[in-house]
1. Determine, for A:184, B:238, B:195, the number of other Cβ atoms within 10 Å of each Cβ, and report the residues in order from fewest to most.
2. Over the whole of A:59-65, what's the average partner chain Cβ count within 10 Å per residue? Rounded to a whole number, please.
3. To the nearest 0.05, what FRET efficiency results for residue B:329 and residue A:2 with a Förster distance of 60 Å applied to their C-beta separation?
4. By how many degrees, 0 to 90 and rounded to 10, does the Cα axis of helix B:148-179 deviate from the longest principal axis of chain B?
5. Over its Cα atoms, what ratio of radius of gyration to 2.2 N^0.38 Å does the protein assembly as shown give?
6. So for B:279, B:61, fewest C-beta neighbours within 10 Å to most, what's the order?
7. Beyond 14 Å, how much of the Cα-Cα pair distribution for region A:1-78 remains, as a whole percent?
8. Of all alpha-carbon pairs in region B:73-348, indicate the percentage at a distance above 31 angstrom.
C-alpha cells in the first residue's frame, strides 16, 4: 500500500519535473513546478515528517511560486520558440553523464541495501512539530537566528535595489506606478533630444528633481 | 485488510459525503440569506417568491447556472482557463476535513466516534497551506482570461490575499502559544472549562480582532472587495467566466467564508463547547454530541451573519489604503500580540 502511494507521488513529481523543463509556455512550467512541490510534500508525509510537508506547501508552493507566477505575469514572458539546435555534440556527452549518474545511484542503493545498519521505522518522533520546535530553540538556536538575519538582509537589499532612480534599459519594463521621465531632467548636461528614460518612484522624487514644492497629499483625493 | 480497517474507510467516506453535502447546502442557503439580509438592511425584501419565503431560490439559481450558455474567450489559454476555478474550489473544500464538528459521541450501532473527518498533528498548518494554494485559482483566472481588467483584478486580489495571509497566520500564533499544540481537536478541548469563559476570545481579544479583519480580507469580502467590485474592474478576475465556471468561483468564495468562520469558531469561540451542556448531559452521550454540533453550527452561522452585516454597512477600501493597512498596521499589531501573549504565558506559568 505504501509502495503504491510512493510510486504515485514519485511518478507525479518526476512527470511534473520533466514538464517544467519541456514546456514552452512559461506559466505551464510554473504550474508544473507547483505540482512538483505538492508531490514532494506528500512524500514528506509518507516519511513521517508532517511539519516539513505543511511548511513546504506554505513556503514553496504558497509563497515562492506565487512570486514566480507574479513575475511571469507582469513581465509578460513570451512562449519559447523552437530553435535550431546548435549544440549537437553535447548530446552524447549528456547520455554518458546520465549513465554515470544512474550507475552511481544504483550502486548507492545496492550498497545501503546490503549494509547491516537497520533503517529507522516509519513511526518516529523526529518529525513532530514539538520535536522540531524544541530542537530549533535549544540545539540549533544559533543557525536559526543567523538564518533570520540573512532573510532580513535579503529583504532590505531588495528594497534598496528597487528604490534607486535608474535608467531604464532598452526594451525594459517598468513597475506599474513608477513615473517615466527624460534623462535630461536629472542630468542637465545630457542633450535634450536624447530619448533615454529614467524611472522615478513617486511624485516626491520628481518634485525634488524639478525643484517644485511637493504638495501632493496622498491621503486626500485629487 | 481486516474488517476494522474496511469499516474505518467506509466510515470516512460516509463522513466526507455528509460533510460535503452539508457544506454545499449551507453555502447555498448563505447566498440566499445574504440576499435577504442585505435587502432588509437596505429597506427592501429580497427574493421571496420561489418557495416559501424564497427557500427554493438556491435551486432555481443552480438550474439557471447549469442551463446557461458557456462562453469561453477565444484567445484565452485554454488549459489554465479551465484549471483556475477547479483550483479555487478544491482548495476551498480541502480544508473541511480537519474541523471538529462535535465531541466524541456514542452513536448507536457504530460506537464511540470523534465527530471529525481527520485528525493529525499539524492541522492548523495544513489549513494555512491549503488557503495559500487557493490564491492560484484567482491569479490564474485573471491572467488566462486574456483581458486587461481581469489581469488587474487578479493581480490586485492575489496581492491582497498574500499580504493578509501573513497577518492571519501571525494572529493565530497567539492561540497556538496558549494551547501549546497545532491539533484543532485539542485546542477545542482546552476551551472546555470555566463554563465558557475559557474560550480563547476572552484570553486573546486582540488576536481575535486581527484574525477577523485578516479573514475578511482573505475572502475578498467588503470592505476589502475592491478586486471584484462591480463598479471597479467590471467583475475583476471572474469577468470572462460564465455559467458553471462562474458558479464554481462564487461557490469557492462562499465556501472560503464558511471555512474561515469555522476556523474562528474552533479557535476563538470554543468549537463545539456549549456553556452548561456538560452538567446537563454528561460527556460522551449522544445528546451531548448533538448539542455540541448544534452549538458549533449556530456559532458558524453567527459569523456568516457578521459577514453579511458588514457587507451591508461598510464602504470599501481603496487598494492603496488596503495594502497600507495590511502591511503597516495589521502586521505590527499582530507581532505585538504575539509578544504580549508570550510574555504573559511565561510570567503566569
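1. Working: A:184 16, B:238 28, B:195 13.
So the ranking, lowest neighbour count to highest, is B:195, A:184, B:238.
2. Working: counts 2, 1, 4, 11, 5, 0, 4.
Neighbouring Cβ atoms belonging to other protein chains average 4 per residue here.
3. On the way: r = 48 Å, r/R0 = 0.80.
Efficiency at R0 = 60 Å is approximately 0.80.
4. Orientation of helix B:148-179: about 10 degrees from the principal axis.
5. Details: Rg = 27.1 Å, N = 571, 2.2 N^0.38 = 24.5 Å.
Normalised Cα radius of gyration, the protein assembly as shown: 1.10.
6. Numbers: B:279 8, B:61 18.
Starting with the residue having the fewest Cβ neighbours, the order is B:279, B:61.
7. Values: 1895 of 3003 pairs.
Beyond 14 Å sits 63 percent of the P(r) for region A:1-78.
8. Working: 11761 of 37950 pairs.
More than 31 Å apart: 31 percent of the Cα pairs in region B:73-348.
Read the figures in this text as sums done on the coordinates, not as results from a lab. Being a predicted model, the structure only gives us computed values, none of them experimental. All Cβ positions, glycine included, derive from the backbone under ideal geometry; neighbour counts span all protein chains shown.
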